[in-house]
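The values are calculated or read from the model by the stated rules, or taken from the named source; none is laboratory data. None of the values given here were measured: they were computed from a predicted structure. Virtual Cβ from ideal backbone geometry, glycine too; neighbours counted across all protein chains shown. For accessibility, only protein heavy atoms count, side chains too; no ligands or nucleic acids. Shrake-Rupley method; radii C 1.70, N 1.55, O 1.52, S 1.80 Å.
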Amino acid sequence: MRLEQLELRRIAIDLVVPFRTSFGTETSRDVLLVHVTTDVGDGWGECVAMTEPVYSPEFVDGAQLVIRDHFWPVLASAGEVRAADVEPLLAHLHGHPMAKAALEAALLDAELRAEGSNLHARFGGDRDRVPSGVSVGIFPTLDELLAQVQGYVDEGYARIKIKIEPGWDLEPVRLVRDLIGPDMGLQVDANTAYARTDIDHLCRLDEFDLLLIEQPLPEEDLLGHAQLAAASSTPICLDESIVSIRTAADAIELGAAEIINIKPGRVGGYLAARRMHDLCVDRGVPVWCGGMLETGIGRAANAALAALPGFTLPGDISASSRFYARDIVTEPITVDDGHVAVPTTPGLGFELDHEFLDAITTSVEQVRTEHA
Ligand code: SMG
Ligand code: MG
């Protein structure tokens with residue numbers, strides 16, 4: 001396809017409840033949507049960069065700028081391009097995986113729609129529904145945490161993940177385990193809040209039979225994670241640390257990652273995420289699909305990814321209603337019997353609710369490309 005127009009659209013969408021992690025509290029998302037028009041039709045991608053560079057170095061204003069001024073000119077002047085060309089064409093421009101992933105997703109959506117196909121078919125996942133886990137934030141009180149968790153249990157989620165940080169770990173985990181009982185999957189995510197000196201403390205989580213401890217130490221600290229993995233009987237899972245296929249391979253070899261959380265935005269796109277899945281299957285490392293509070297655009301594509309056979313643990317693929325009162329797609333993801341259906345509508349697997357999208361749009365920037 002030949003690229004004709006780039007539209008960078010920002011929306012403001014409120015969360016139904018504030019989401020607090022060890023790095024801050026989100027009450028609404030300022031989402032960058034990438035809309036590309038090509039000679040064979042158009043496509044949309046969602047950028048998962050947050051307002052502030054707290055999860056990773058990327059942030060939404062920076063993502064918009066680098067797409068507009070650095071990535072788009074390269075792709076638009078490349079002649080015929082496919083989604084699979086995005087990564088190699090942009091490889092000389094360092095970093096910015098979330099920005100690259102959003103652009104690649106828009107091309108993938110356009111390409112699949114033009115073929116009359118969808119991401120689920122492209123990936124060849126062997127399931128038509130995937131187990132749905134929910135990520136639960138840090139609360140001012142334990143009672144509030146337990147009330148939220150009970151609500152998600154009542155909604156039928158397949159597993160619970162709670163955010164932890166120093167001072168909010170053993171007690172919340174103990175109470176949640178007591179509440180949900182011994183058989184339900186439970187895991188924790190520290191978003192890098194601990195240090196190597198906390199290894200003994202983190203080993204005290206072993207008694208709660210957790211599925212995994214996600215990213216307890218800083219992203220660069222692969223050796224510390226390997227030390228913790230050797231000391232702890234709970235599997236160590238990496239999220240922030242795994243920024244490429246190479247870091248995944250190295251972390252596995254070092255014994256730092258016994259499980260990997262795959263997020264397309266963090267690794268530079270859905271196609272790279274698929275290759276990371278293949279590597280992990282090859283190495284015998286279980287994976288699951290992470291979440292970045294996506295709207296229906298990103299969640300649809302995540303569900304298609306999570307249908308691949310190596311995704312043996314429930315993902316952070318909760319119902320749209322877990323974060324949003326109204327989504328920007330016509331058929332928001334729902335949880336039924338603990339599962340999310342993998343969408344099979346053309347493209348990434350969604351149709352936009354244009355009326356609502358327009359109502360929450362805060363800015364639109366368009367770049368037209370004239371071909372000779
Ligand atoms: O999308 O359901 C979701 C949120 C999952 O906890 C979640 N994401 O580190 O895994 C993680 C966090 C990153 C975003 S926190 C603002
Ligand atoms: Mg995480």
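Data overview
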{"read-out": "Where a residue in region 178-190 is under 18 Å from R204 (Cα atoms) and within 16 Å of ligand 1 (Cβ to nearest atom) and its partner, wherever it lies, is among the acidic types (D, E) and part of a loop (DSSP other than H, G, I, E, B), with Cβ under 6 Å and at least six apart", "value": "none"}
{"read-out": "Candidate set from region 214-237 (those that are touching a helix residue (DSSP H, G or I) at 6+ places or on another chain (Cβ under 6 Å) and of a type in the set (A, V, I, L, M)); member that is farthest from ligand 2 (Cβ to nearest atom)", "value": "A231"}
{"read-out": "Residue count for region 195-220, restricted to those that are open to solvent by less than 60 Å² (accessible area, probe 1.4 Å) and of a type in the set (S, T, N, Q)", "value": "1"}
{"read-out": "Residue in region 110-131 that is surrounded by 21 or more Cβ atoms within 10 Å (Cβ to Cβ), free of Cβ contacts under 8 Å to residues at least 40 places away in the same chain, over 26 Å from G310 (Cβ atoms) and under 23 Å from the mean Cα position of the chain (by Cα) present", "value": "no"}
{"read-out": "Unmet requirement for H225, which otherwise passes all of (1) open to solvent by 40 Å² or more (accessible area, probe 1.4 Å); (2) part of a helix (DSSP H, G or I); (3) not acidic (D, E)", "value": "(1)"}
{"read-out": "Region 5-16, subset more than 12 Å from ligand 1 (Cβ to nearest atom) and open to solvent by 10 Å² or more (accessible area, probe 1.4 Å), residue farthest from the chain's Cα centre (by Cα)", "value": "Q5"}
{"read-out": "Residues satisfying the stated conditions in region 30-46, i.e. closer than 19 Å to H354 by Cβ and either within 16 Å of ligand 1 (Cβ to nearest atom) or acidic (D, E) (or both)", "value": "V31, L32, D42, E46"}
